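Working notes for the structure below.
Bear in mind these aren't lab numbers, they're just calculated from the coordinates by the rules spelled out. Keep in mind it's a predicted model, so treat the numbers as computed, not measured. So basically every Cβ, Gly included, is an ideal-geometry build from the backbone, and we count neighbours across all protein chains shown.
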Amino acid sequence: MTRLKRFIEAHSPIVDRELDRLLSPRPGEPGSIRRAMRYSVFAGGKRLRPVLVFAAARACGKPSSSVAGAAAALEMIHAYSLIHDDLPAMDDDDLRRGKPTNHKVFGEAMAILAGDGLLTLAFEALALNARRAGLDAKSACELVRVVSEAAGTRGMVGGQVADIEAEGLLGRKKSRAALAARLRYIHERKTAALITASLDAGAILAKASLRQRNALRLYGRALGLAFQVADDVLDVVGDKRKLGKKGSDRRNKKLTYASLCGLAAARGEARRLVARAHAHLRPFGSGAQVLHELADYVVERDR
């Protein structure tokens, strides 16, 4: 069993317990919204962002259990983004992880509200974790700033806007270099930003040095882009039963690494990005073994 697999098996129950606690019914709240929120959070998935929070804290010398709230927060933000991405006004997807998407089960209005609920609950979880970890006010504010920036218009939301505006660009008279720059802009924000924030959150809670934080951010940016390139390849060649979703990129005329560069070049780019990610982990020595294995997993996975 690889170190990464052991790490995931040890930490998945921790984040799942924290998510279950945070998403349990509360007196005075409509039960319907909690059911919709829980549906997407517990619909399966890789739990990549929580694993990154735990692994970053471990690399910086902090016990993983001390960052469970932040790990849950990043997973809830990710789940919110998927609920909204799947809506008819966005990607219009019916399946996610082999199950009907949130709006197909609960309706569009409830799906929108479930996403809103997950996003706001995530920041409650972050604040509580900062207090439990004994962060000073400056560090707690930095934690919230890092995650909110990654989730907002300078990060995930901005990337989604750019992705929508780029639909159909391949058919227009645009240079390959211009399209490649646009594609990188999209995925540095839509995918890499939250992955980077997950690592930075773990580092902040571990009271890491600025040098450690910078190294993890550079690793996260390379890892996030590699993850997206691999995703674009899987959307073309992956087994739809394993992926648990229908490939909507071609239907929506999305600008992707596979459509712009071709499969062989896209795979080569993913390998180059992973090599870059490995290089950024040198300051951590053997303490970053899980992060090294995670980088390799990103391009070797089949789902």
Per residue Cα convex hull volume in Å³ - calculated over the chain
125
Residue-wise, which Karplus ³J(HN,Hα) couplings in Hz belong to the range 30-39, taking 6.51 cos²θ - 1.76 cosθ + 1.60, θ = phi - 60°, and x for glycine or proline?
x, x, 4, 6, 5, 5, 5, 5, 5, 3
Which whole-Hz ³J(HN,Hα) couplings does the range 88-100 yield from phi under the Karplus relation 6.51 cos²θ - 1.76 cosθ + 1.60, θ = phi - 60°, glycine and proline marked x?
x, 6, 10, 8, 6, 9, 9, 10, 8, 6, x, 10, x
Amide H neighbours of Arg96 under 5 Å, at least 5 residues apart or on other chains, H built in the peptide plane: list them.
Thr101
Once fully extended, how much extra length lies between Lys99 and Glu167, figured as 0.36 nm per residue of separation less the alpha-carbon to alpha-carbon distance?
21.9 nm
Express in nm, to one decimal, how much length is gained between Ser139 and Glu300 on full extension, taking 0.36 nm for each residue of separation and deducting their alpha carbon distance.
54.4 nm
Compute the FRET efficiency between Ala127 and Glu29 as 1/(1 + (r/R0)^6), taking r as their Cβ-Cβ distance and R0 = 22 Å, and round to the nearest 0.05.
0.75
Just add up the charged neighbours of Ala226: K/R +1, D/E -1, any other residue whose Cβ is under 13 Å from the Cβ of Ala226.
+1
For the range 190-201, 3J(HN,Hα) per residue [Karplus equation, 6.51 cos²θ - 1.76 cosθ + 1.60, θ = phi - 60°, Hz, x = Gly/Pro]:
5, 10, 5, 4, 6, 5, 5, 5, 4, 5, 5, 4
